[in-house]
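Here is the structure we will look at.
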Amino acid sequence: MTRLPETTQRKLGLVIDLDTCVGCHACVISCKGWNTENYGAPLSDQDPYGADPSGTFLNRVHSYEVTPLADSAMAQLVHFPKSCLHCEDAPCVTVCPTGASYKRVEDGIVLVNESDCIGCGLCAWACPYGARELDQAAGVMKKCTLCVDRIYNENLPEEDREPACVRTCPAGARHFGDFADPDSNVSRLTAERGGMDLMPEQGTKPVNKYLPPRPKDRLDGQIDVLAPLLAPVAEDARGFLGWLDKTLDKI
Amino acid sequence: MHPAPSVIIFSTCSGLGFGLLAWLGFGFPAVTGWVAFTFFAIAYLLAVGGLMASTFHLGRPERALKAFTQWQTSWLSREAWCAMAALILMAVYGAGLVFLDTRWPLLGWLGAAASLGTVFTTSMIYAQLKTVPRWHSPLTPALFLSLAIAGGALMAGQTSLAPWLLLLAGAIQLAVWLRGDGALGASGTTMATATGLGDIGTVRAFEPPHTGTNYLLREFVFVIGRKHATKLRAIALILMILLPVVLLLAPFSHLLAAVAVLSHLAGVAVSRWLFFAEAEHVVGLYYGKR
């Protein structure tokens, strides 16, 4: 059913910390691994070892260079993981002609029922974030499921019941939780660090939040403390080096 | 956006076919018997041929019937209903004209309304998308409908009305291009809002997620041929509007009429190619390509 629920009981989603992410792409690999081997059609690759490889991914890490407006500040490199934001007002759901796309009332996860998907691609057109990719082998739309087959899976040890990307992140840049609960880890992180929406003007009301990079330490002042000690101490070479210097000058 | 041939053939042929069906439904021209058969055969070839072409861009065309279920929210589903209603109503209406020499006006009007409804719902599939600012405008349905009505008039031999309708469609086409060129800028979506990093400074794409291409880049970040856009716009306008208008003003002959129709069809195809090729999807901003 492609009518969006008025509210959802829980709002499960991710907080992604742009300050902490080191751009290692481990979340990309663990996502591809888990989601190829488990729920739904595998994430296929085309020409994987050839000249023009491409494939389906539910999570991709971009890198951006940010040049501050003030001349004195240093440029920053920001690694930027991007996956489905499980929007409250998900435009991908309402455009679906078959009812394959839906948003769950119980936890707000946006899912695709692959056996109903005709692969028209309209949901990917409607998504401003590029979160949906049409699998070229299966002909159906693939997207982040928030690892719905992990988070409720009682066959897994308790610590593994979170999305594969969160579980694997070595930097702790990804956090999973319920945004409907104001005391949850993700709600508190969002409040403390000024968690933001991507493309708020698109009106999608994304559930996932991004924590902006913390302001960089300023370098001026620090260099001055060490500068006297770092000044060259032997401007005029003496001894063997002095002889070598003079001799080389003569040649 | 990637200008997929299947979608261009679909919207070009179906638009013209349903435009002709609408005129036939309203009784212009009021034909019966074999003449009516010829008109209806041409209209159905275009409309159904276009619809068949559209199924080629589906990943799983064998499940296409499921697209009838979500008419409450989805314009694509509404399009499926309108197209089916139009084809069935006009088939019954056409059978009356061809085999019984009888015109059932109410059936014709309903069929004509459903035919125009099909063109409208097709255009709303594109116009609803906030992610493509160039399409997200009432001008998109205006363009599709005016072209279908003008092209239908041309096909239906409405030689007195067709030139004016063609000129109106041409004017709307110009407005679409004029507005479209500034649409992405006016939408307020930039790399700064896409990344949320705009408060820190100027954002530049440094490294894409993968060294190779992917579905998103193939489908949404089509930039080939933009440098010829102005020439193609001129070609589209001449073939689609000006040449048919000139041919219509000349004394009527079936040969000139056929040339006018073919020229119009080719012009609409060029215009539709540009409609897709020039459309900028905001996801391209994440790749620094816009």
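No value in this document is a laboratory result; all are computed from the given coordinates. The model shown is predicted, which means the values in this text are computed figures rather than measured ones. Please note: Cβ atoms are built from the backbone with ideal geometry, for glycine as well, and neighbour counts cover all protein chains shown.
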query: Taking the Cα atoms of the protein assembly as shown, what is the range of coordinates along each of the three principal axes, in descending order and whole Å?
result: 115, 71, 42
query: For segment B:5-287, what D do you get in µm² per second when you plug the Kirkwood radius from alpha-carbon pairs into Stokes-Einstein at 10 °C and 1.306 mPa s?
result: 79
- prompt: Among the chymotrypsin sites (Phe, Trp or Tyr not before Pro) within segment A:1-100, which fall in a DSSP loop and have no more than 16 other Cβ atoms within 10 Å of their own Cβ?
  reply: A:Tyr39, A:Tyr49
statement: Mean other chain Cβ within 10 Å across A:57-67 is 6
- prompt: Considering only the other residues whose Cβ falls under 13 Å of the Cβ of A:Arg174, what net charge follows from Lys and Arg at +1 and Asp and Glu at -1?
  reply: 0
- line: For chain B, longest principal axis from Cα atoms; helix B:33-54 axis from its Cα atoms; angle between them, nearest 10 degrees, is 20
query: Is chain A best put as rounded, prolate or oblate by its Cα gyration tensor, with a ≥ b ≥ c the root eigenvalues, rounded for a/c under 1.5, and otherwise prolate when a/b is larger than b/c, oblate when not?
result: prolate
- request: Would you calculate, for the protein assembly as shown, the mean residue ellipticity at 222 nm contributed by helices, counting each DSSP H stretch of 4 or more residues as -39,500 (n - 2.57) and dividing by all residues, to the nearest 500?
  value: -14000 deg cm²/dmol
A:Asp45 versus A:Tyr152: modelled label distance in nm, points set 7 Å from Cα along the beta carbon direction: 3.2
message: Tell me the relative contact order for chain B as a rounded percent, counting alpha carbon contacts under 8 Å between residues six or more apart.
response: 24
message: Can you tally the net charge around A:Ala124? Count Lys and Arg as +1, Asp and Glu as -1, for every other residue whose Cβ sits under 15 Å from the Cβ of A:Ala124.
response: +4
query: Want the number for A:Ser115 to A:Asn185: 0.36 nm per residue separation, take away the alpha-carbon distance, what's left?
result: 21.7 nm
- request: Before anything else, pin down the relative contact order of segment B:167-290: Cα pairs under 8 Å, at least 6 apart, normalised by residue count, whole percent.
  value: 35
task: Report the residues of segment A:121-143 in range of a label on A:His25: point 7 Å along Cα→C-beta, backbone N strictly under 14 Å from it.
output: none
task: Sort segment B:162-219 into rounded, prolate or oblate with this rule: let a ≥ b ≥ c be the square roots of the eigenvalues of the Cα gyration tensor; rounded if a/c is under 1.5, and if a/c is not under 1.5, prolate when a/b is larger than b/c, oblate otherwise.
output: oblate
Cα-centred dipole magnitude for segment B:5-287, charges only on beta-carbon of K, R (+1) and D, E (-1), debye, nearest 20: 180
query: Under a Cβ-Cβ cut-off of 14 Å, what is the net charge of the residues other than A:His25 that fall near it, where Lys and Arg count +1 and Asp and Glu count -1?
result: +3
task: Would you mind calculating the gained length between A:Ala70 and A:Trp243 on full extension (0.36 nm times residue separation, minus the Cα-Cα distance), in nm to one decimal?
output: 57.4 nm
message: Suppose every Lys and Arg Cβ carries +1 and every Asp and Glu Cβ carries -1, with no other charges. What dipole size does segment A:12-211 come out with about its Cα centre, to the nearest 20 debye?
response: 200
- request: Please arrange A:Leu85, B:Leu165, A:Leu189, B:Leu100 by counting, for each residue, the other beta carbons lying within 10 Å of its beta carbon, fewest first.
  value: B:Leu100, A:Leu189, B:Leu165, A:Leu85
